[in-house]
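Where a number appears in this text, it was derived from the coordinates with a stated rule and is not lab data. Because the structure is predicted, anything quoted here is derived from the model rather than measured. Ideal geometry is used to build each Cβ from the backbone, glycine not excepted, and the neighbour counts take in all protein chains shown.
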Amino acid sequence: MRGQREYTWRELFQVRNDDLFPIADLRTARRVGGIFWLWAATVALILLPLAPPDQSSIGSAGWLIAAVIIGVAAAYGVRLLRAARADSKVSVEPREILHFNYVAIIFITFLNVLSGNDAPYEELLLIAAIYTAGVFSPRATAAYMVFVAVALVVPLLGPDAQPVSEQVSRWVIWSGIAMATSMLVVKQRLERAALLERGEEAQNLARADPLTGLGNRRAFDEAFGAASSRAVRTERSLSVIIADIEAFKAVNDVFGLDAGDRLLQEVAGTLDAAVRSPDTCFRWGGDEFVVLADIDEHGAGELGRRLGDEIRTNCSRPDGQPVKLHVGVAQLDPGSSDPDAILGLASRAMKPVPRPRG
């Protein structure tokens, strides 16, 4: 894809978990984790008759420990699946998942020790490593593989120790798979986050007036739709204020289009600074501006006069004369959500803002 950044392996390795979590699909991570834990518990349960956990010095007590391990694994799998539901009240944070992945190493090592060094439970470490790599950063994956190495050393300590070369080659292969998986997943997440960011930037640009930086008509229509729905739901007032610059055409005709553009930018900046949140200012077109305000018509009239005073005080025409506004206000009819209708009312009510007394 053109414009897509290429990441080096050093850059990918430097990505931290805290950088990754905001762009990760944590619901999927929890869902996959739940499947992993339940699947691992099921596999261990199937293997118990084939590799009974009574081969260690504690004898038949190993069955009880194995039962506890399998029960905890299954319970945590269910917890993760519940947390993955959209309406779930169960909260499982990524760090908890990582901590339990370390617990998985301990569980698998215990099962292997209880069943003898040649027991097959050890192979579950690869699945745990791949799941860790698919959720967490390459740094976290590398640290995890160090603990996997420790688990692979344990079978080398007993009287029936496995060959060192076999364990070393197993760890090298598993580490390569885990690190490659982690870096690939991180790369995809970074690229997807960059695409989403560029998409958001494009959407914001499509809603912005390029000259003044205010929202454009599209932005107004979207904001009006949300505000009118909120006003109806909360039974609060909603008004619009339309303002245009008095004799603006003369500025363009006498001083040129560049001077007119500078004046529009100056007026837009002053209006935007004067409008208080959550009220919003938009450029409607030409020299017309629209303010969307959560107030009634009387309050909108007062706001319109204040905006006119701000413009008169802070903005000047190219000849040094103060800028004057024509302002019209209208309040939304509770039975209507048509922006054209309320804008039409405000336009018909437009009149010069009177000079403040005194």
Let me know the shape class of the chain, please: from the alpha-carbon gyration tensor, a ≥ b ≥ c as square roots of the eigenvalues, rounded when a/c is under 1.5, otherwise prolate if a/b is greater than b/c, or oblate. prolate
Which value in Å does the Kirkwood hydrodynamic radius of region 217-352 take, with 1/r averaged over all unlike C-alpha pairs and then inverted? 15.1 Å
The chain: DSSP helices with Cα axial extent of at least 24 Å and average Kyte-Doolittle hydropathy no lower than 0.0: 26-47, 61-83, 94-115, 164-206, 257-274
Cα-based Rg (one decimal) and Dmax (whole number) for region 227-276, in Å? 16.4, 49
Separation of region 1-70 and region 134-158 by C-alpha centroid, Å? 12 Å
Relative contact order for region 9-202, counting Cα pairs under 8 Å that sit 6 or more residues apart, in percent: 27 percent
Defining a contact as two alpha carbons under 8 Å apart and six or more residues distant in sequence, what relative contact order in percent does the chain show? 14 percent
Difference of contour (0.36 nm per residue) and Cα-Cα distance, Ser91 to Ser57: 8.3 nm
Take the Cα coordinates of region 69-165, assign each an equal point scatterer, and use the Debye formula without solvent to give log10 I(q)/I(0) at q = 0.10, 0.13, 0.24, 0.25 Å⁻¹. -0.31, -0.51, -1.28, -1.33
Straight-line reach from Lys351: which lysines have a Cα under 22 Å away, not including same-chain ones fewer than 8 places off? Lys249, Lys324
Expressed as a rounded percentage, what relative contact order does region 217-352 have, with Cα pairs under 8 Å and six or more residues apart? 33 percent
So which chymotrypsin sites (Phe, Trp or Tyr not before Pro) in region 84-158 are both in a DSSP loop and have at most 13 other Cβ atoms within 10 Å of their Cβ? none
How big is region 1-126 on each of its three principal axes, counting only the C-alpha atoms and giving the largest first in Å? 61, 37, 23
Net lengthening on full extension, Gln321/Val232 (0.36 nm per residue, minus Cα-Cα): 27.8 nm
According to a simple spin-label model (label point 7 Å from Cα along Cα-to-Cβ), what is the distance in nm between Asn252 and Ile23? 4.3 nm
